[in-house]
1. May I ask you to verify whether Met205 is surrounded by 13 or more Cβ atoms within 10 Å (Cβ to Cβ), modelled with pLDDT of 95 or more and either of a type in the set (Asp, Glu) or touching a Leu at 6+ places or on another chain (Cβ under 8 Å) (or both)?
2. Would you pick out the residues in region 126-137 that are crowded, with 19+ Cβ neighbours inside 10 Å and farther than 8 Å from Cys310 by Cα?
3. Which of the following residues is in a strand (DSSP E or B) and either among the hydroxyl-bearing types (Ser, Thr, Tyr) or modelled with pLDDT of 95 or more (or both): Tyr210, Tyr243, Tyr261?
4. Need at least 2 residues that are aromatic (Phe, Trp, Tyr) per element, so show me which helices (runs of 4 or more DSSP H) inside region 1-92 make the cut, counting only ones lying wholly within it.
5. Would you call Trp95 touching a strand residue (DSSP E or B) at 6+ places or on another chain (Cβ under 9 Å), crowded, with 19+ Cβ neighbours inside 10 Å, assigned to a loop (DSSP other than H, G, I, E, B) and hydrophobic (A, V, I, L, M, F, W, C)?
6. Among the residues of region 156-184, count how many are over 28 Å from Phe305 (Cβ atoms) and open to solvent by less than 70 Å² (accessible area, probe 1.4 Å).
7. Would you check if there is a residue in region 278-290 being within 19 Å of the chain's Cα centre (by Cα) and part of a loop (DSSP other than H, G, I, E, B)?
Amino acid sequence: MKLHIFNPEHDIALASNLANFTAPHAGRALRNDLGFLPALWAAEGDVVLVENAEEAQKVFKRFVASARLKCPAPRLVTKRDISSISVDGIEPWGWDAALRAQLLRYGVDERIMPTSDEIEEIRNLSHRRCAALVLHELQSDATTGCAYCCQTLDEIEKKLHQYRHIVVKAPWSSSGRGIRFVCDSFPESMQRWVLNVIRAQGSVMVEPYYKKIKDFGMEFFSDGKGNIEYLGLSLFHAANGAYVGNILATEPVKEEMINHYVPMKTLKCIQEKIKLLTGRLYKGKYKGPFGVDMMVVEGKEGRGFLLHPCVEINLRRTMGHVALSLSPEDDSVKRVMRIILEGNYKLRTRKM
């Protein structure tokens with residue numbers, strides 16, 4: 001029996017690297033309102049940690065009915081119940097020092113959790129420089145993309161002079177919060193932001209700006225022994241770096257949609273290379289789901305399309321994994337999954 005946890009504040013917790021971390025209001029609200037999410041993929045007999053079991057059960061039943069799903073009713077538990085439950089594993093949205101400390105306070109057996117050193121390793125692997133290393137190895141005639149780890153303003157100014165238009169990213173950040181765009185000049189206010197990030201996180205990542213045509217991603221699972229399983233495509237939409245929604249469709253339908261921009265042969269090649277590269281990178285260090293965000297960008301001088309095969313790696317479960325758990329079996333069915341805010345956060349699906 002496994003304990004599942006939706007902790008959407010995970011990325012911000014990684015950035016803070018504090019055991020006694022307090023999530024911002026939006027993160028707490030998401031966890032409270034959508035805590036039932038793991039019930040969509042949990043095995044029968046597993047338990048899901050929520051803030052309010054009675055309310056979460058109602059929300060889950062409403063969602064299942066509206067989406068016309070056939071899901072077994074999950075066992076939802078609260079922090080008061082955990083110490084009396086015997087589980088042999090924990091599957092959170094993502095592992096961080098704050099979640100580990102939280103579960104210890106709730107009375108969870110330390111032996112079924114990663115050690116502090118193992119969580120620090122996960123944090124290091126979540127640094128955007130790891131995605132930059134993978135990106136470098138994925139380059140071919142059909143792809144583009146590069147990223148640089150910079151520790152001084154002078155390094156960043158050189159990249160701005162080289163590319164004219166750059167994207168500066170905090171090594172650990174969430175939903176576009178740690179991303180800034182710099183074009184031609186490097187204003188003092190931007191320099192202050194960069195220096196603050198460098199002081200807090202040690203560096204920033206700098207990339208050329210690309211004219212994006214389409215977002216998508218690939219979802220995987222690492223067994224921790226060097227084996228990587230490909231789970232499927234994630235066709236999502238983001239605005240200003242923040243997640244907006246996913247397309248729910250069969251794999252052949254999603255492949256056809258992407259094939260308009262990127263040949264299937266290229267996608268399959270990238271998929272296999274990612275499995276090989278991340279298998280080496282995560283062996284003995286990370287067991288769990290992860291997602292690789294990609295984008296189709298405009299080719300040079302507006303000619304054709306190129307694939308940016310690794311915008312970032314989310315070393316955790318993603319909304320793409322959620323979408324895969326809701327994917328239809330019928331090629332004729334296409335839906336959109338969104339998280340909306342109507343007083344509370346709600347998960348909604350609708351026909352395209």
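1. Numbers: surrounded by 13 or more Cβ atoms within 10 Å (Cβ to Cβ): yes; modelled with pLDDT of 95 or more: yes; either of a type in the set (Asp, Glu) or touching a Leu at 6+ places or on another chain (Cβ under 8 Å) (or both): no.
No: the conditions fail for Met205.
2. Ser126, His127, Arg128, Cys130
3. Values: Tyr210 fails: in a strand (DSSP E or B); Tyr261 fails: in a strand (DSSP E or B).
Going through Tyr210, Tyr243, Tyr261 in turn, the sole match is Tyr243.
4. Numbers: elements: 10-16, 25-33, 53-67, 79-82.
Fully inside region 1-92 and qualifying: 53-67.
5. Details: touching a strand residue (DSSP E or B) at 6+ places or on another chain (Cβ under 9 Å): yes; crowded, with 19+ Cβ neighbours inside 10 Å: yes; assigned to a loop (DSSP other than H, G, I, E, B): yes; hydrophobic (A, V, I, L, M, F, W, C): yes.
It is true that Trp95 is touching a strand residue (DSSP E or B) at 6+ places or on another chain (Cβ under 9 Å), crowded, with 19+ Cβ neighbours inside 10 Å, assigned to a loop (DSSP other than H, G, I, E, B) and hydrophobic (A, V, I, L, M, F, W, C).
6. Filtering region 156-184 for residues over 28 Å from Phe305 (Cβ atoms) gives 156-158, 170-172, 174, 177.
Now restrict to residues that are open to solvent by less than 70 Å² (accessible area, probe 1.4 Å): 156, 170-172, 174.
Counting residues in region 156-184 that are over 28 Å from Phe305 (Cβ atoms) and open to solvent by less than 70 Å² (accessible area, probe 1.4 Å) gives 5.
7. Of region 278-290, the ones within 19 Å of the chain's Cα centre (by Cα) are 278-279, 281-282, 285-290.
Subsequent filtering for residues that are part of a loop (DSSP other than H, G, I, E, B) retains 285-286.
So far as region 278-290 goes, yes, one or more of its residues are within 19 Å of the chain's Cα centre (by Cα) and part of a loop (DSSP other than H, G, I, E, B).
Rundown of residues vs (1) modelled with pLDDT under 95; (2) out of contact with any Asp or Glu (no Cβ under 8 Å at 6 or more places or on another chain); (3) within 22 Å of Arg28 (Cα to Cα); (4) β-branched (Val, Ile, Thr), yes/no style:
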{"position": "Pro74", "(1), (2), (3), (4)": "yes, no, yes, no"}
{"position": "Val77", "(1), (2), (3), (4)": "no, yes, yes, yes"}
{"position": "Arg80", "(1), (2), (3), (4)": "yes, yes, yes, no"}
{"position": "Ser84", "(1), (2), (3), (4)": "yes, yes, no, no"}
{"position": "Asp96", "(1), (2), (3), (4)": "no, yes, yes, no"}
{"position": "Leu99", "(1), (2), (3), (4)": "no, yes, yes, no"}
{"position": "Pro114", "(1), (2), (3), (4)": "no, yes, no, no"}
{"position": "Asp117", "(1), (2), (3), (4)": "no, yes, no, no"}
{"position": "Ile122", "(1), (2), (3), (4)": "no, no, no, yes"}
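The values are calculated or read from the model by the stated rules, or taken from the named source; none is laboratory data. Note that the structure is a prediction, hence the values are computed from the model and not measured. All Cβ positions, even for glycine, are placed from backbone atoms using ideal geometry, and neighbour counts span all protein chains on display. These accessible areas exclude ligands, DNA and RNA; they are computed on the full protein's heavy atoms, side chains included. Shrake-Rupley method; radii C 1.70, N 1.55, O 1.52, S 1.80 Å.
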